[in-house]
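K.L.:
Pasting a structure here, questions to come.
Throughout, read-outs are computed from the coordinates displayed, never taken from laboratory work. Since the structure is predicted, the reported quantities are computational estimates derived from the model, not experimental observations. Every residue, glycine among them, receives a Cβ derived from its backbone with ideal geometry; neighbour counts consider all protein chains shown.
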Amino acid sequence: MLRVSAMQTERDIDLELINGEVSVAPGLKYAAELTAFAEAVASMEETSLTAARAQLEAVAGAAVLVDAAGVAANFQRMVRIADAMGIPVDDADNEMQNEIREKLDLYRFRSSENSRRAT
Amino acid sequence: MDYFTYRDSPFPVRADIGAAHREFWRRLAGPGNWWTGAERVAIAAEARAARTCEYCRERKQALSAYTGAERHTAVSELPTRAIDAIHRIMTDQNRITRSWVEDNAENGLTKPGYVELAGIVVALLSIDEFNRALGLPFEQLPEPQPGEPTRYLPPILSEDTGFVPMIPRGGASGDEADLFSGSRGANVLRALSLVPNALRDWKLLASAQYLSIEGMANLVGQDNRAIDRAQMEVVAGRVSAYNECFY
């Protein structure tokens, strides 16, 4: 969805943000703070979360922090739904999606076993 | 008691988020399709206990994920297999397999019961994680309400994918007509559809914390959000990658 949204809004956003390989994206406001906050939530590590929360609020404000918290919390559960129910991806033959999966090396994840890999 | 007022929050929380959390708390307290209100609240309490369960921590590092179901630091009288399922979904979900789900089903944790349990765990998680992300304490769990589970099953189900039966694409009609509306029935929507109210809880919370199904078509951004869609997807993507989510 990130790539599609970036295309729609004519922005150049490096998808490696997702893997934490890069932390800046000139086309995306607060990219570094948002990714650090997201990672801190997912890590369940309170010290880094406290620091990331303060940094995001300082640069972007409380409203951005609250909405980012909502999204991060929502996706903490999505992985658990997918894995607990064993669902495969819907678009195993979608060329663009497969290109992204390969680029980000998502097949390294154990849960990829629930999906057919396009050949 | 007034839940989720967010009056003491140092950050202004959108009213629709508090409203969605309160509505889930109301649903959590009452009987479901396969668990009583007391059992549903116990499932939520057990999910919270999993965060500090020593055995979960130990097992996550172990090569075998399928030993010691009775060793969790439990806080409820739920059956051992239910406790293990709750803790596993919370702390080691990417090692869940079809054979484990099948074995549970043959030994008392039915697939509908498992789906309802999972729905409660993940809904609670998304609410608790929202609070934790903002440095706020967890809300007190609601008082269970009396009543018996309905044991309702959707009339149209298929076993074409995943570990449990699901409503097929195009199969959400009658009482389930609302479930996939505005979507093509993606697998992530179908996942909990064996227990339709679990999917309704999913949609309720997603609409407030992320986007509604209809809102997902807006790739630019919504007026009532402080971050645009690309910013949302960076947060979503980073959390998902950290959790090793292939989906």
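K.L.:
Quick one, could you list the DSSP H helices from chain B stretching 18 Å or more along their long axis (Cα atoms) with average Kyte-Doolittle hydropathy of -1.0 or above?
P.N.:
Numbers: long enough: B:15-29 (22 Å, -0.45); B:37-50 (20 Å, 0.35); B:111-133 (32 Å, 0.62); B:196-209 (20 Å, -0.39); B:229-242 (20 Å, 0.10).
Counting only whole DSSP H runs, the qualifying helices are B:15-29, B:37-50, B:111-133, B:196-209, B:229-242.
K.L.:
What does the C-alpha gyration tensor say about the overall shape of the protein assembly as shown? Classify as rounded when a/c is under 1.5, otherwise prolate if a/b is larger than b/c, or oblate. Don't skip to the end; give the middle numbers.
P.N.:
Numbers: a/c = 1.41, a/b = 1.24, b/c = 1.14.
Since a/c stays below 1.5, the shape of the protein assembly as shown is classed as rounded.
K.L.:
Roughly speaking, what is the centre-to-centre gap between the stretch B:97-120 and the stretch B:201-217 when only Cα atoms are used, to the nearest Å?
P.N.:
Taking the Cα centre of the stretch B:201-217 as reference, the centre of the stretch B:97-120 is 26 Å away.
K.L.:
Going through the stretch B:18-79, which GluC sites (Glu not before Pro) have at most 12 other Cβ atoms within 10 Å and a DSSP loop state?
P.N.:
Details: sites: B:E23, B:E39, B:E46, B:E54, B:E58, B:E70, B:E77; in loops: B:E77.
Passing sites in the stretch B:18-79 are B:E77.
K.L.:
What's the magnitude of the charge dipole for the protein assembly as shown around its Cα centre, counting Lys and Arg as +1 and Asp and Glu as -1 at the beta-carbon? Answer in Debye, nearest 20.
P.N.:
Numbers: 39 positive and 52 negative charges, 44 e Å.
Magnitude of the dipole: close to 220 debye.
K.L.:
Something else: Could you tally the net charge around B:L28, taking each other residue with its Cβ under 9 Å from the Cβ of B:L28, Lys/Arg +1 and Asp/Glu -1?
P.N.:
On the way: positive: B:R26, B:R27, B:R40; negative: B:D201.
Overall, the nearby charge balance is +2.
K.L.:
Here is a follow-up. Averaged over A:15-24, how many beta carbons belonging to a partner chain fall within 10 Å of each residue's beta carbon?
P.N.:
Details: counts 2, 0, 5, 9, 4, 3, 1, 0, 0, 0.
Taking the mean over all residues of the peptide, I get 2.
K.L.:
Okay, moving on. Provide the three semi-axes, in whole Å and in decreasing order, of the ellipsoid equivalent to chain A as defined by the square roots of 5 times the Cα gyration tensor eigenvalues. Kindly include the intermediate steps, with their values, before the conclusion.
P.N.:
Working: eigenvalues 147, 70, 29 Å².
Semi-axis lengths for chain A are 27, 19, 12 Å.
K.L.:
Would you tally the net charge around B:A226, using a Cβ to Cβ cut-off of less than 14 Å, leaving B:A226 out, and scoring K and R as +1, D and E as -1?
P.N.:
Numbers: positive: A:K29, B:R14, B:R225, B:R229; negative: A:E33, A:E57, A:D67, B:D16, B:D223, B:D228.
Charge balance near B:A226 sits at -2.
K.L.:
How many percent of all Cα-Cα pairs in the stretch B:37-120 sit more than 21 Å apart?
P.N.:
Working: 705 of 3486 pairs.
Distances greater than 21 Å cover 20 percent of the Cα pairs.
K.L.:
Right, next: Just to confirm my understanding: which cysteines in chain B have no other cysteine beta carbon less than 4.7 Å from their beta carbon?
P.N.:
B:C245
K.L.:
In addition: If you average the sequence gap of Cα pairs under 8 Å that are 6 or more apart and divide by the length of chain B, what percent do you get for the contact order?
P.N.:
Details: 300 pairs, mean separation 53.1, N = 247.
With pairs under 8 Å counted, the relative contact order is 21 percent.
K.L.:
On to the next question. Counting trypsin sites (Lys or Arg not before Pro) as exposed when in a DSSP loop with at most 12 other beta carbons within 10 Å, what is the longest stretch of chain B free of them?
P.N.:
Values: sites that count: B:R7, B:R151, B:R184.
In short, B:8-150.
K.L.:
Any idea what angle helix A:62-85 forms with the longest principal axis of chain A, computed on alpha-carbon atoms, 0 to 90 degrees, nearest 10?
P.N.:
In chain A, helix A:62-85 runs at an angle near 30 degrees to the longest axis.
K.L.:
Once the convex hull of the C-alpha atoms of chain B is built, how many Å³ does it hold per residue, rounded to a whole number? If you can, show how the numbers build up before the last one.
P.N.:
Numbers: hull volume 34.4 nm³, N = 247.
Measuring per residue, one finds 139 Å³ for the Cα hull of chain B.
K.L.:
Also: Pairing the Cα long axis of helix A:31-43 with the longest principal axis of chain A, what angle in degrees results, from 0 to 90 and rounded to the nearest 10?
P.N.:
70
K.L.:
Taking the Cβ of B:L153 as the centre, find all other residues whose Cβ is under 14 Å away and add up their charges (Lys, Arg: +1; Asp, Glu: -1). Could the numbers behind the result be given before it?
P.N.:
Values: positive: B:K111, B:R151; negative: B:E116, B:E159, B:D175, B:E176.
Value of the local net charge: -2.
K.L.:
If I fit a long axis through the Cα atoms of helix A:46-60 and take the longest principal axis of the Cα atoms of chain A, what angle between them do I get, 0 to 90°, rounded to 10?
P.N.:
With rounding to tens, the tilt is 70 degrees.
K.L.:
Treat every Asp and Glu Cβ in chain B as -1 and every Lys and Arg Cβ as +1, leave all other atoms uncharged, and give the resulting dipole magnitude about the Cα centre to the nearest 20 debye.
P.N.:
Working: 27 positive and 32 negative charges, 87 e Å.
Magnitude of the dipole: close to 420 debye.
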